[in-house]
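Written out below as structure tokens is the structure these notes cover.
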Number of protein chains: 2
Amino acid sequence: MSSGRSTRRPTIRDVSRLAGVSRMTVSRVLSDPDLVLPATRARVQKAIADLGYVLDRAAGGLASRRTGFIALIVPTLTNANFSTVAHGLTEVLSKAGFQLLISYTDYDLGEEETQIRNLLARRPEAMVLTGSAHTRAASSLLVRADIPVIAVADLPHRPIEHAVGFSNHQAGRMAAQYLLRKGFRRIGAVGGQSVGDVIDHRGEERMRGFEDELARAGVDSDLVLRQGAPPVSFAHGAAGLATLLALDPGLEAVFAVSDLAAVGVIMECQRRGIRVPQDLSVMGFGDFEIAREVVPALTTLHVDFRELGQRTGRLILDLLDGRHAGGPAVIDVGLDLLERGSVAAKGEGVRSLPA
Amino acid sequence: MSSGRSTRRPTIRDVSRLAGVSRMTVSRVLSDPDLVLPATRARVQKAIADLGYVLDRAAGGLASRRTGFIALIVPTLTNANFSTVAHGLTEVLSKAGFQLLISYTDYDLGEEETQIRNLLARRPEAMVLTGSAHTRAASSLLVRADIPVIAVADLPHRPIEHAVGFSNHQAGRMAAQYLLRKGFRRIGAVGGQSVGDVIDHRGEERMRGFEDELARAGVDSDLVLRQGAPPVSFAHGAAGLATLLALDPGLEAVFAVSDLAAVGVIMECQRRGIRVPQDLSVMGFGDFEIAREVVPALTTLHVDFRELGQRTGRLILDLLDGRHAGGPAVIDVGLDLLERGSVAAKGEGVRSLPA
DNA sequence: GTGAAAGCGCTAACAT
DNA sequence: ATGTTAGCGCTTTCAC
């Protein structure tokens, strides 16, 4: 079953000989068939099929200086929000003949630099990065590469070049404002802790926004917790709630930097017999699928990550076609607060007995 | 901030001139530094740094016929199990200088064929596919490509070539055996429905294994449900439970083809005041992170997908180095039943009142 | 330990 | 509408 000795893969020259045309004609049939007479085209296509010829895009890219690669670097593939961005990007780009080159960093900036170096050797036509924190060497590589660089999933003050995303700082502020408006004063937050180079910059921005807004309202932020290394997930939420309750048994509401942690909080509440939202209000970020399904459904901040990916894809297409006028693009995809069942106004339903 | 006119990217020739050596010497410094005298090497490295030179792997690949690409096609990136496979693969392969080329099919075989075609144009050195169902054209492309083909996440009877995975059919059987052993007879199952070319073959294999085992035990499989298009997730579970309960209010246990659906079942139970496991036992597949966190924790079948990815990576390395003796490799990574809180023996705790 | 020549498979640019 | 020439940036192979 396994291949015996490999007979040489057919090249465009083999096709051209079989069809009795020049190599350029074959190339044209492949890239812009309308340039070729229907009869010739048909002969070429038959030769291609008969030989099982498959174009070598690396060779083509070398000649045309268009590789058709777009690089994408995310913190991790195993986070649904990031894989959804990749999904949205692919939808737009693969139609245009581009192939995504995906790498991940595990939230490590040093690793990001390594990946940038590797990816640049593949001559991508554009590079999409998550956020805007990079090592100095990485930034310098990016500048020298002289390709469009798009930061996604944050709207940095000083983007390397283009940016498509939303403000994580504002997300944190919105969460705090909402909880404050509901009348809470003993408000906790659960986020991740930076460990060396391993940092969730976007999550940290949300935490800062949250703290800033508490401060503006004159509310103490002693319950804003950072514990556990990124990626922040269920277990961070469960452990975070335990810590918060030990710090202040009178805790009224909790914001988690990620829905996953928020669900972790809710599950820990179930284990402890704490009723959500009667005894404790819980709020998340990201609107992961589980947020709609958990009981009670999670009040959270929604970002359309698929749309974010698609907008990024379209921006890249415009940029590469020289269709983009003006300087760096900054596209804000916005942020929606989704009120579901996990937050109640202070005092609401406090009297009711356990279900 | 945006680049002005792009000054030509430095090539290996620029480096060689600056360092006063031939291009071959530069190439050697990059690929096997020990071949070059330390003094020469240092001069070359300085020239590389000064120019900000980055190797062009496409040109190198053209000459060496080694692209350093490994292709991976999964049904979707947004499923943690598949992205974990990608993670494990990358861990092993990127150390060896390979770059993963990831595509997804949305569970559509036609789309898989398209992706195979696109990927082959990049001349990957090996191709990793999920499962073993492909269109005829796709199989033929794969054979002609004359590269190692590895099927993962299933152990097909007739793999295209190599396979690393586990038996989904056996997974279904294990689930049924377990539920049967616990004394249940009114047993339901929740799986996805095939819609045209959109099929979750691995999930369907689990469903079949489940049915086969029920049949062996003489238990009716009228409660084995297939509804909703793949990917199977939370909502399938919630809707599935509703259907099952309408079919048979005396339902005792439910197996879901995916943990996500199983969690959907548990959440629907919470909404309906059905106690898990006292009133209903629930079992999943996949051991997703949420399975450990949900209340009660989910009894499920665990597959080490990261290990699966790593084993696949190592197999590829062996294959490419000619280190692999014999014919097609078939590696079974096995399957573990994890007993947690969501399944009770029949009759256990039946008497207790709703919480 | 280092270099020169040749060529990987394709397309841009210019003919015809 | 099709063909010819030259060359993309690198590594193989063989010299020295």
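What pairs come up if the first residue lies in the stretch A:277-293 and is at pLDDT 95 or above, the second is among the basic types (Lys, Arg), and their beta carbons are under 9 Å apart, counting only those six or more places apart or on different chains?
Final answer for the pair search is A:GLN278/A:ARG351; A:SER281/A:LYS182; A:SER281/A:LYS346; A:PHE285/A:ARG206; A:ALA291/A:ARG340; A:ARG292/A:ARG340.
Checking the structure you have, find out if any residue of the stretch B:38-47 is assigned to a strand (DSSP E or B), away from chain A (no Cβ under 12 Å) and out of contact with any Leu (no Cβ under 6 Å at 6 or more places or on another chain). Give the steps one after another, and end with the answer.
Filtering the stretch B:38-47 for residues assigned to a strand (DSSP E or B) gives none.
The answer is no; no qualifying residue exists.
Within 14 Å of chain A (Cβ to nearest Cβ), more than 7 Å from DNA strand C (Cβ to nearest atom) and of a type in the set (A, V, I, L, M): does that describe B:LEU18?
no
What's the total number of residues in the stretch B:69-97 that are without any contact (Cβ under 8 Å) to a residue 60 or more places away in the chain and crowded, with 21+ Cβ neighbours inside 10 Å?
7
For the stretch A:195-239, how many residues meet the condition of being in a loop (DSSP other than H, G, I, E, B), buried (at least 21 other Cβ atoms within 10 Å of the Cβ) and not aliphatic (A, V, I, L, M)?
Counting residues in the stretch A:195-239 that are in a loop (DSSP other than H, G, I, E, B), buried (at least 21 other Cβ atoms within 10 Å of the Cβ) and not aliphatic (A, V, I, L, M) gives 3.
Using the structure shown, decide if A:ARG23 is near DNA strand D (Cβ under 9 Å from one of its atoms) and more than 18 Å from B:GLU113 (Cα to Cα).
yes
Find the residue count for the stretch B:5-20, including only residues that are within 12 Å of DNA strand D (Cβ to nearest atom) and surrounded by 12 or more Cβ atoms within 10 Å (Cβ to Cβ).
Number of matching residues: 8.
Please state which one of A:GLY313, A:GLY309 is in a helix (DSSP H, G or I), touching a His at 6+ places or on another chain (Cβ under 9 Å) and within 25 Å of A:PHE166 (Cα to Cα).
A:GLY309
In the stretch A:50-66, what count of residues is obtained for those that are within 15 Å of DNA strand C (Cβ to nearest atom) and more than 9 Å from chain B (Cβ to nearest Cβ)?
Going through the stretch A:50-66 one residue at a time, the tally reaches 6.
Hey, A:ASP108 hits all of (1) away from DNA strand D (no atom under 16 Å from the Cβ); (2) over 19 Å from A:GLY203 (Cβ atoms); (3) more than 10 Å from chain B (Cβ to nearest Cβ) but one; which does it fall short on?
(2)
I need the full set of residues from the stretch B:67-82 which are part of a loop (DSSP other than H, G, I, E, B) and either more than 16 Å from DNA strand C (Cβ to nearest atom) or out of contact with any helix residue (DSSP H, G or I) (no Cβ under 8 Å at 6 or more places or on another chain) (or both), in order please.
If the condition is that a residue be part of a loop (DSSP other than H, G, I, E, B) and either more than 16 Å from DNA strand C (Cβ to nearest atom) or out of contact with any helix residue (DSSP H, G or I) (no Cβ under 8 Å at 6 or more places or on another chain) (or both), then B:PRO75, B:THR76, B:LEU77, B:THR78, B:ASN79 are the ones that fit.
Being small (Gly, Ala, Ser) and not in a strand (DSSP E or B) is the filter; apply it to the stretch B:143-177 and report the residue that is farthest from the other protein chains (Cβ to nearest Cβ).
B:ALA176
Please go through the stretch B:221-240 and give me each residue that is aliphatic (A, V, I, L, M) and within 15 Å of B:PHE285 (Cα to Cα), ordered by number.
Result: B:VAL232, single match.
In the stretch B:115-142, which residues are outside any helix (DSSP H, G or I) and at pLDDT 95 or above?
Of the stretch B:115-142, the ones outside any helix (DSSP H, G or I) are B:121-135.
B:ALA121, B:ARG122, B:ARG123, B:PRO124, B:GLU125, B:ALA126, B:MET127, B:VAL128, B:LEU129 - these are the residues of the stretch B:115-142 that are outside any helix (DSSP H, G or I) and at pLDDT 95 or above.
Is it fair to say A:PRO38 is over 30 Å from A:GLY165 (Cα atoms) and within 14 Å of DNA strand C (Cβ to nearest atom)? Walk me through it before giving the result.
Values: over 30 Å from A:GLY165 (Cα atoms): yes; within 14 Å of DNA strand C (Cβ to nearest atom): no.
Here the answer is no, as A:PRO38 does not meet what is asked.
Which numbered condition in (1) within 11 Å of chain B (Cβ to nearest Cβ); (2) within 17 Å of A:ASP318 (Cβ to Cβ); (3) among the hydrophobic types (A, V, I, L, M, F, W, C) is the only one that A:ILE70 fails?
(1)
I need the full set of residues from the stretch B:83-97 which are part of a helix (DSSP H, G or I) and at the interface with chain A (Cβ under 9 Å from one of its Cβ atoms), in order please.
B:SER83, B:THR84, B:ALA86, B:HIS87, B:THR90, B:SER94
Could you say whether any residue in the stretch A:124-142 is away from every other protein chain (no Cβ under 12 Å), surrounded by fewer than 20 Cβ atoms within 10 Å (Cβ to Cβ) and within 16 Å of DNA strand D (Cβ to nearest atom)?
Within the stretch A:124-142 (the criterion being away from every other protein chain (no Cβ under 12 Å), surrounded by fewer than 20 Cβ atoms within 10 Å (Cβ to Cβ) and within 16 Å of DNA strand D (Cβ to nearest atom)), the answer is yes, since at least one residue qualifies.
The values are calculated or read from the model by the stated rules, or taken from the named source; none is laboratory data. Given the structure is predicted, the values throughout are model-derived calculations rather than measurements. Note that each Cβ is placed from the backbone with ideal geometry, even for glycine, and that neighbours are counted across all protein chains shown.
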